[in-house]
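See below for the structure under consideration.
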Amino acid sequence: MSETSNSPMRSVHRAFSVLKTLELAQQPLRLTDLAQRAGFHLATTQRLVNVLVEHGYASRNSHGYTAGPAALSTAHAFATTSPLRLVARPVLEQLAAATGLTASLYVRIQDTRVLIDRHEGGRRPEYSLPIGERLPLYPGAAGKAFLAADDLTTAVGTATGGAPSVRLADGTALDADEVRADLTAAHEQGFAVSVNERQLGTTAVAALITDVTDRPLGSLGLSGATSAMTDVHTSPLPGEVCRAARTIGARVPAGG
């Protein structure tokens, strides 16, 4: 948290931290669990979650607290007004149709990424990530596309979260040096690839979307079954994703 301890904005930041905790939990949380995960005292957490409940951003039931229905209204407002999403939609459709794979659009929120749109090609995936899902930036190709644009030391710290290693879906554990090499390769190539990293049996390739001033806007990814996406690095897919990402970036209005 960047604000000082006596900042009048502290309660706002804390309320958003509680809301983020509820979003990531994906299950009801008792007040004690919510306080522990958010890192606040019990009484502080109670005051904050009461405000969220009052405004519909949290709900309480017999099992505990969850994110509330007002988040759906906010999400709908974003989906219908976001210049990035509106511009990217036809590009996603064209990319999915041309490759037969699933084209996905992500935006970054602090140290996470959120899926804001997706279009499936002819080959239906075994698993479809729900729109609105919030994921860590690492592992996964779409998140690595964001991290590869950061200062490398900062990016490695974000990817590992300070832990000795990051465990992938296939059981592989990557230490900080291996994560550094992975992100360096993504930066040098201009695209990121993941194979069985976040989801077993899934391969993805992604590129960063930037506007005309090189400001990061989002991440564009193509994903499909690993069995159907062999030798991704030498295939036409990275080039197609990078071209599509540049097309989107060029079409988004300045400041969008």
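The values are calculated or read from the model by the stated rules, or taken from the named source; none is laboratory data. Note that this is a predicted model, so its numbers are computed, not measured. Cβ sites come from the backbone with ideal geometry, for glycine too, and all protein chains shown count toward neighbours. These accessible areas exclude ligands, DNA and RNA; they are computed on the full protein's heavy atoms, side chains included. Shrake-Rupley method; radii C 1.70, N 1.55, O 1.52, S 1.80 Å.
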Quiz prompt | Rg over Rh, two decimals, region 63-106 (C-alpha only, Kirkwood Rh) | solution = 1.19
Quiz item: Does anything in region 78-103 have its amide N under 20 Å from the 7 Å Cα→Cβ label point of residue 246, and if so which residues?
Solution: 87-96, 98-99
Quiz item: Give or take rounding to whole Å, what are the principal axis extents of the alpha carbon atoms in the chain, in descending order?
Solution: 56, 41, 37
Exercise. Note down the relative contact order for region 108-221 as a percent, whole number, built from C-alpha pairs under 8 angstrom at least six residues apart.
Key: 24 percent
Quiz item: For the chain, which whole-number percentage of the solvent-accessible area (1.4 Å probe, protein heavy atoms only) is attributable to carbon and sulfur atoms?
Solution: 53 percent
Quiz item: If contacts are Cα pairs under 8 angstrom and at least 6 residues apart, what is the relative contact order of the chain in percent?
Solution: 14 percent
Exercise. Provide the convex hull volume over Cα atoms per residue for region 112-177, in Å³.
Key: 108 Å³
Quiz item: Using Cα-only point scatterers and the Debye equation, what is log10 of I(q)/I(0) for region 139-192 at each q in 0.17, 0.23, 0.24, 0.26 Å⁻¹, rounded to two decimals?
Solution: -0.44, -0.82, -0.89, -1.03
Quiz prompt | Distance histogram in 10 Å bins (all Cα pairs of region 123-255, percent per bin) | solution = 13, 42, 36, 9, 0
Exercise. At 1.4 Å probe size, with no ligands or nucleic acids counted, give the accessible surface of residue 208 in Å², nearest ten.
Key: 50 Å²
Quiz item: Per-residue accessible area for residue 11 at 1.4 Å probe radius, Å² rounded to 10?
Solution: 70 Å²
Quiz item: In degrees, nearest 10, range 0 to 90: what is the angle between the Cα axis of helix 42-54 and the longest Cα principal axis of the chain?
Solution: 70 degrees
Quiz item: Using only Cα atoms, what Kirkwood radius does region 10-157 have, in angstroms?
Solution: 17.2 Å
Practice problem: With a point put 7 Å past each Cα toward its Cβ, work out how far residue 165 is from residue 27 in nm, to one decimal. | Solution: 2.5 nm
Quiz item: Taking the Cα-to-Cβ direction at residue 231 and at residue 13 and moving 7 Å from each Cα, how far apart do the two end points lie in nm?
Solution: 5.1 nm
